[in-house]
Amino acid sequence: VLQGYAAEMDNPLMAHLISPELQNKKDILFGNMEEIYHFHNRIFLRELENYVEYPELVGRCFLDQMEDFQIYEKYCQNKPRSESLWRQFSDSVFFQECQRKLDHKLSLDSYLLKPVQRITKYQLLLKEMLKYSKNCEGAEDLQEALTSILGILKAVNDSMHQIAITGYDGNLNELGKLLMQGSFNVWIDHKKGHSKVKDLARFKPMQRHLFLHEKAVLFCKKREENGEGYEKAPSYSYKHSLNMAAVGITENVKGDAKKFEIWYNAREEVYIIQAPTLEVKATWVNEIRKVLT
């Protein structure tokens, strides 16, 4: 892909086949695929080869390189832009010619999906190795490597949602790390208003997608998009946010074990939040507590 497509975009002999709108768009189309390739080719593959005789110790290899795996996050974040560019130009003569020369059965977009598939495959491979390495030396490293890769996958997934937030004025990066994101039913009780919580229980909840950062929690409304692939990915229109410095939490709400409360400015505003499952509620309550303490 890098030689047969990306490099060809800079080949003067192919220039006449590239439409002007596509020129200078190489970085959008291929993202940091070259960086991923070099990481594997120069570093990770060589490291892996040291463990050919001791496969059960391969967890160490992953742990030593774990920071480098974050290059996948960059690739995945760029993927929606890459896909929308590809859809505009997929029938371009240039791509057809490259594919013909390479004698590929599949078109370029199948290959551009590979890094996304690869990062999700690692956790399956590590799980499988763990299954057969229960009492071996190195089992702990394998477990830690698996946990770390799952952490990277969660970060990739969260960031794919985060880049779909629209209408937020500030800079999302200033809110600190994105810790959690997910969809909830939300009821709001304003102390300034006339309604008390008991009246609210009858009202229909709002569907809100919450993004918990270290410094703030964002409430967004999810909009489903029509389309294919990443186009189907929803977008989130920003509604409001609460500064974590002024937030309190009540773990249990009468009448429903899946509900918890986030309150603001000494209960001036109370947000009753209903999680889809008890497990989701527990994870969120723990994360919020961690931030608050």
Item to check | Computed magnitude of the charge dipole of region 247-293 (debye, nearest 20; Cβ of K, R +1, Cβ of D, E -1) | outcome: 100
Item to check | Contour minus Cα-Cα distance for Lys134 and Gln77 (0.36 nm per residue) | outcome: 17.0 nm
Item to check | Point-charge dipole on Cβ atoms (K/R +1, D/E -1) for the chain, about Cα centre, debye to 20 | outcome: 1560
Checklist entry - Relative to the longest principal Cα axis of the chain, at what angle does helix 114-131 sit, 0 to 90 degrees, rounded to 10? => result 80
Checklist entry - Anyone know which of Leu57, Leu106, Leu126 comes out most mobile in the 10 Å Cα GNM of the chain? => result Leu106
Checklist outcome for this item: Carbon/sulfur accessible area of the chain, % of total, 1.4 Å probe, equals 51
Next on the checklist: Quick check for me: using +1 on Lys/Arg Cβ and -1 on Asp/Glu Cβ, what's the dipole size of region 1-81 about its Cα centre, in debye to the nearest 20?
Outcome noted: 340
Item to check | Whichever aspartates and glutamates have a C-alpha closer than 16 Å to that of Lys114, once near sequence neighbours (fewer than 8 apart) are set aside | outcome: Glu34, Glu35, Glu73, Glu83
Checklist entry - Do any chymotrypsin sites (Phe, Trp or Tyr not before Pro) in region 85-151 lie in a DSSP loop with no more than 13 other beta carbon atoms within 10 Å, and if so, which? => result Tyr132
Item to check | Using alpha-carbon coordinates, inclination of helix 139-162 to the longest axis of the chain, degrees | outcome: 80
Checklist entry - In Å², what does the accessible area per residue of the chain work out to with a 1.4 Å probe? => result 58
Checklist entry - For the chain, with the dipole built from +1 on Lys and Arg beta-carbon atoms and -1 on Asp and Glu ones, taken about the Cα centre, which of Ala155, Tyr111, Leu125 lies farthest toward the positive end? => result Ala155
Checklist entry - Using 7 Å Cα-to-Cβ label points, what is the Asp169/Asn265 separation (nm, one decimal)? => result 1.6
Checklist outcome for this item: Among Cys136, Ser241, Tyr271, the residue whose Cα sits farthest towards the positive end of the charge dipole of the chain (+1 at Cβ of Lys and Arg, -1 at Cβ of Asp and Glu, taken about the Cα centre) is Tyr271
Next on the checklist: Between helix 278-292 and the chain, what is the angle of the helix's C-alpha long axis to the longest principal axis, kept within 0 to 90° and rounded to the nearest 10?
Outcome noted: 90
Next on the checklist: With unit charges on the beta carbons (Lys and Arg positive, Asp and Glu negative) and the dipole taken about the Cα centre of the chain, which residue among Leu2, Val280, Leu17 sits farthest to the positive side?
Outcome noted: Val280
Checklist outcome for this item: Sorted list, accessible surface of protein heavy atoms, 1.4 Å probe, largest first, for Lys154, Lys134 is Lys134, Lys154
Next on the checklist: For region 16-67 and region 155-173, what is the centre-to-centre distance using only Cα atoms, to the nearest Å?
Outcome noted: 25
Checklist entry - Within a Cβ distance under 15 Å of Glu47, other residues only, what is the Lys/Arg minus Asp/Glu net charge? => result -3
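The values are calculated or read from the model by the stated rules, or taken from the named source; none is laboratory data. If you're wondering where the values come from, they're calculated on a predicted model, not measured in any experiment. No Cβ is skipped: glycine too gets one built from the backbone with ideal geometry, and neighbour counts run over all protein chains shown. The accessibility values were calculated without ligands, DNA or RNA, using every heavy atom of the protein model including side chains. Shrake-Rupley method; radii C 1.70, N 1.55, O 1.52, S 1.80 Å.
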